[in-house]
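The values are calculated or read from the model by the stated rules, or taken from the named source; none is laboratory data. Bear in mind that the values here come from a model prediction, so they are computed numbers and not experimental data. As a convention, Cβ positions derive from the backbone with ideal geometry for all residues, glycine included, and neighbour counts pool all protein chains shown. For the accessible areas, the whole protein counts, side chains as well, though only heavy atoms, and no ligand, DNA or RNA atoms are used. Shrake-Rupley method; radii C 1.70, N 1.55, O 1.52, S 1.80 Å.
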Amino acid sequence: MNVLIYALGGGWGHLTRAAGLARALGAAARVRILSNSPYLEVVRASMPELGIEAVSIAQKDPDGIDLVVVDTFPRGLVGELVDLLPSLRAWKVLIHRDLKPEYVAWAGLRTFVADHYDCVICPGERGPLADLPQAHHTAPWLVRPPVAVNPGVDVVVCAGGNAGEMPWYGEVAALLARDIGVRCLAPELPPGCPPELWIRYWPSIDWIASAGAVVGGAGYNTVNECRALGVPLIARPWPRKYDRQRLRAERCPNATIVETPDEAARAALEALARPRVPPPAFTNGANEGAEWILRRCP
């Protein structure tokens with residue numbers, strides 16, 4: 001089966017979910033990922049067994065595709081799928097991460113998705129389209145099980161997001177380094193972060209599994225990886241055009257919401273002082289989603 005996963009959106013989130021699904025589909029599918037993420041080469045190098053191919057818009061080859069999976073944006077990032085989807089014979093699946101209801105209403109997504117998608121998979125989040133008849137719910141998606149890389153780390157700072165947010169993470173890492181062992185995971189060294197604390201590494205779930213606490217944003221992967229592993233998350237929700245990070249953090253039972261670097265550092269130290277709660281039983285929803293697709297896709 002030839003699968004195209006549309007994972008445009010930049011950053012880590014869309015690409016990490018795409019890699020998780022590609023891994024779960026395994027040998028049953030030849031997967032190509034359409035991505036504009038600057039981190040695509042990092043993902044390919046970290047998981048070479050997937051044989052992921054990066055493709056551009058011009059290389060979609062719709063006639064050779066059996067299954068199209070679209071992550072988050074049903075109409076495409078700039079509406080480019082509106083005319084393309086109706087012309088495709090392929091089975092169409094939407095991965096429905098939470099979206100702002102205002103965007104769903106403005107773009108007419110309820111009608112568009114009902115008319116043009118065979119299936120809507122809700123990966124552990126109940127978004128505005130989760131009640132459509134073709135919706136199927138799974139547990140949150142992880143890229144893969146974690147491999148602990150450094151059991152001695154107290155706090156991991158996961159610095160993902162926009163460039164203007166990076167100094168916040170750098171300041172948190174510097175504050176925490178006065179008292180405890182810290183590592184800061186980021187694509188580039190955040191301003192204010194001591195260089196010896198910085199690590200470029202993917203997937204972050206390996207370092208999260210090793211941490212006593214995590215400081216990060218409230219994006220999909222950070223929240224659900226901490227939730228799956230039972231690691232306390234000190235979450236700084238950031239404003240996003242389409243995503244509701246604060247709502248996601250509020251729904252996470254092991255998250256503490258903060259605003260300033262000082263608040264984050266204090267909350268991380270307090271989390272370390274509390275007894276660690278064993279993680280809940282957790283099923284990787286990416287495996288559930290892949291199994292369901294393989295059973296249903298014609």
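For segment 107-143, the set of residues classified as open to solvent by less than 60 Å² (accessible area, probe 1.4 Å), in contact with a Leu (Cβ under 8 Å, 6 or more places away or on another chain) and farther than 27 Å from Pro279 by Cβ consists of Leu109, Val113, Ala114, His116, Tyr117, Cys119, Val120, Pro128, Leu129, Ala135, listed by residue number. Considering the conditions (1) of a type outside the set (Gly, Ala, Ser); (2) surrounded by 18 or more Cβ atoms within 10 Å (Cβ to Cβ); (3) closer than 20 Å to Val31 by Cβ, Pro146 is excluded by exactly one of them, (3).
Given the structure, is Tyr39 at pLDDT below 85 and either touching a His at 6+ places or on another chain (Cβ under 7 Å) or open to solvent by less than 50 Å² (accessible area, probe 1.4 Å) (or both)?
On the way: at pLDDT below 85: yes; either touching a His at 6+ places or on another chain (Cβ under 7 Å) or open to solvent by less than 50 Å² (accessible area, probe 1.4 Å) (or both): yes.
So Tyr39 passes the test.
Out of curiosity, is Val147 within 20 Å of Trp238 (Cβ to Cβ) and among the β-branched types (Val, Ile, Thr)? Spelling it out, it is not the case that Val147 is within 20 Å of Trp238 (Cβ to Cβ) and among the β-branched types (Val, Ile, Thr). When Glu250 is tested against (1) part of a helix (DSSP H, G or I); (2) touching a residue at least 40 places away in the same chain (Cβ under 8 Å), only condition (2) is not met. Close Cβ contacts (under 6 Å, 6 or more residues apart or on different chains) running from residues in segment 119-147 that are without any contact (Cβ under 8 Å) to a residue 40 or more places away in the chain and on the phi < 0 side of the Ramachandran plot to residues that are open to solvent by less than 30 Å² (accessible area, probe 1.4 Å) and acidic (Asp, Glu) comprise Gly127/Asp98.
Within segment 255-265, can one find any residue that is open to solvent by 60 Å² or more (accessible area, probe 1.4 Å) and either of a type in the set (Lys, Arg) or under 30 Å from Asp66 (Cβ atoms) (or both)? Checked against the condition, which is being open to solvent by 60 Å² or more (accessible area, probe 1.4 Å) and either of a type in the set (Lys, Arg) or under 30 Å from Asp66 (Cβ atoms) (or both), segment 255-265 yields no hits at all.
The set of residues in segment 229-247 being outside any strand (DSSP E or B), under 15 Å from Val156 (Cβ atoms) and open to solvent by less than 20 Å² (accessible area, probe 1.4 Å) consists of Gly230, Val231.
Residue pairs whose Cβ atoms lie under 8 Å apart, separated by 6 or more positions or on different chains, with the first residue in segment 157-170 and open to solvent by less than 10 Å² (accessible area, probe 1.4 Å) and the second β-branched (Val, Ile, Thr), are Val157/Val172; Val157/Val182; Val157/Val214; Val157/Val215; Tyr169/Val157; Tyr169/Val215.
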